[in-house]
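One structure is given here, and the rest of the page talks about it.
The values are calculated or read from the model by the stated rules, or taken from the named source; none is laboratory data. Treat the numbers as computed from the prediction; the structure is a model and nothing was measured. Because the Cβ atoms are built from the backbone with ideal geometry, glycine has one as well, and the counts that use them run over all protein chains shown. Surface accessibility is based on the protein's heavy atoms, side chains included, excluding ligands, DNA and RNA. Shrake-Rupley method; radii C 1.70, N 1.55, O 1.52, S 1.80 Å.
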Amino acid sequence: MSNEKKRALIVVDVQNDFCPGGALAVPRGDEVVAPLNNLIEEFLSRGEPVYKSRDWHPQRTKHFAAYGGTWPVHCVQGTQGAEFHPELSDDPRIETISKGMGDEDNYSAFDGTDLAKRLREQAIEEVWVGGLATDYCVKNTVLDALKEGFKVKAVEEAMRAVELQPGDNERAIEEMKRGGAEIV
Ligand code: VGL
Ligand code: ZN
């Protein structure tokens, strides 16, 4: 038997609203598409599973500033802003994980979803993570993956931060490292 770890790729929230021109644009958010497409191709060609998460909000949620939360309206179910970036690779083998359907912030792709169960069913040991945004959904996805017992490789060139506060990107990277993720 090979001693290679069984891996999966998690592409976090690469949606129009998080890219330049979107409702909650992450500066240079679209730059994650090219490195993520390379990873998607590598994983699929080796028969390794690929998951895309998407922020999939109802029109009214306490996640939005208008209803007591933090954020402008973004990634509302069925809108163009909630669609994946048009250049992000698609493939029938890729599975979509929807999150953020309630009033909780649900930043992590594990929060309120069956992602951990699905990964365990496939005997995955290690997840590679990239996407948007480093300081929210990527960070929380990485920390939850570690809590769920997976090894994590966080792909720094394949993620970008919102940086509501300057330094949030650096702090998020540090937090992921401290939690046990390997930054690659
Ligand atoms: C996200 C803010 C609000 C993210 C989602 O995907 O990082 N950030 N909702
Ligand atoms: Zn959101």
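Residues checked against (1) under 16 Å from the mean Cα position of the chain (by Cα); (2) of a type outside the set (A, V, I, L, M):
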residue: Val76; (1), (2): no, no
residue: Thr79; (1), (2): no, yes
residue: Glu87; (1), (2): no, yes
residue: Asp90; (1), (2): yes, yes
residue: Phe110; (1), (2): yes, yes
residue: Trp128; (1), (2): yes, yes
residue: Leu132; (1), (2): yes, no
residue: Asp135; (1), (2): yes, yes
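What number of residues within region 115-134 are touching a Leu at 6+ places or on another chain (Cβ under 8 Å) and within 16 Å of Arg28 (Cα to Cα)?
2
Filter region 7-23 down to the residues that are touching a strand residue (DSSP E or B) at 6+ places or on another chain (Cβ under 7 Å) and open to solvent by 20 Å² or more (accessible area, probe 1.4 Å) and list them by number.
First, the residues of region 7-23 that are touching a strand residue (DSSP E or B) at 6+ places or on another chain (Cβ under 7 Å): 7-15, 18.
Passing the criteria: only Arg7.
Considering each residue of region 119-134, count those that are farther than 18 Å from Val184 by Cβ and free of Cβ contacts under 8 Å to residues at least 40 places away in the same chain, and give that number.
Residues flagged as farther than 18 Å from Val184 by Cβ and free of Cβ contacts under 8 Å to residues at least 40 places away in the same chain within region 119-134 amount to 2.
So in region 38-66, with the set limited to residues that are outside any loop (DSSP other than H, G, I, E, B) and open to solvent by 30 Å² or more (accessible area, probe 1.4 Å), which one is nearest to Glu126 (Cα to Cα)?
So the first thing to find is which residues in region 38-66 are outside any loop (DSSP other than H, G, I, E, B), and the list is 38-45, 50-55, 57, 64-66.
Those left that are additionally open to solvent by 30 Å² or more (accessible area, probe 1.4 Å): 38, 41-42, 45, 54, 65-66.
On the way: Asn38: 18, Glu41: 17, Glu42: 15, Ser45: 17, Arg54: 21, Ala65: 36, Ala66: 38 Å.
Only one residue fits best here, namely Glu42.
Do you know which residues across region 67-81 are more than 11 Å from ligand 1 (Cβ to nearest atom) and open to solvent by less than 60 Å² (accessible area, probe 1.4 Å)? Working first, answer last.
Of all residues in region 67-81, those more than 11 Å from ligand 1 (Cβ to nearest atom) come to 67-68, 76-81.
The answer is Val76, Thr79, Gly81.
Checking Gly167 against (1) within 16 Å of ligand 2 (Cβ to nearest atom); (2) over 24 Å from Glu48 (Cα atoms), which single condition isn't satisfied?
For Gly167, the failing item is (1).
Matching residues to (1) aliphatic (A, V, I, L, M); (2) within 16 Å of ligand 1 (Cβ to nearest atom); (3) open to solvent by less than 10 Å² (accessible area, probe 1.4 Å):
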{"residue": "Glu125", "(1), (2), (3)": "no, no, no"}
{"residue": "Trp128", "(1), (2), (3)": "no, no, no"}
{"residue": "Val138", "(1), (2), (3)": "yes, yes, yes"}
{"residue": "Leu146", "(1), (2), (3)": "yes, no, no"}
{"residue": "Gly149", "(1), (2), (3)": "no, no, no"}
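Hey, can you tell me all the residues within region 154-178 that are without any contact (Cβ under 8 Å) to a residue 60 or more places away in the chain, open to solvent by less than 40 Å² (accessible area, probe 1.4 Å), away from ligand 1 (no atom under 12 Å from the Cβ) and at negative phi?
Within region 154-178, the first condition is being without any contact (Cβ under 8 Å) to a residue 60 or more places away in the chain, and the residues that meet it are 154, 156, 164-178.
If we keep only those that are open to solvent by less than 40 Å² (accessible area, probe 1.4 Å) as well, we get 154, 167-168, 172-173, 176.
From the residues that got through so far, the ones that are away from ligand 1 (no atom under 12 Å from the Cβ) too are 154, 167, 173, 176.
Ala154, Ile173, Met176, listed by residue number.
Among the residues of region 112-137, what is the count of those that are over 15 Å from Asp55 (Cβ atoms), assigned to a loop (DSSP other than H, G, I, E, B) and not hydrophobic (A, V, I, L, M, F, W, C)? Let's see the steps before the verdict.
Going residue by residue through region 112-137, those that are over 15 Å from Asp55 (Cβ atoms) are 114, 116-130.
The next check asks that each one be assigned to a loop (DSSP other than H, G, I, E, B); those that pass are 114, 122-125.
This time we only want the ones that are not hydrophobic (A, V, I, L, M, F, W, C), so: 114, 122, 125.
Final tally of qualifying residues: 3.
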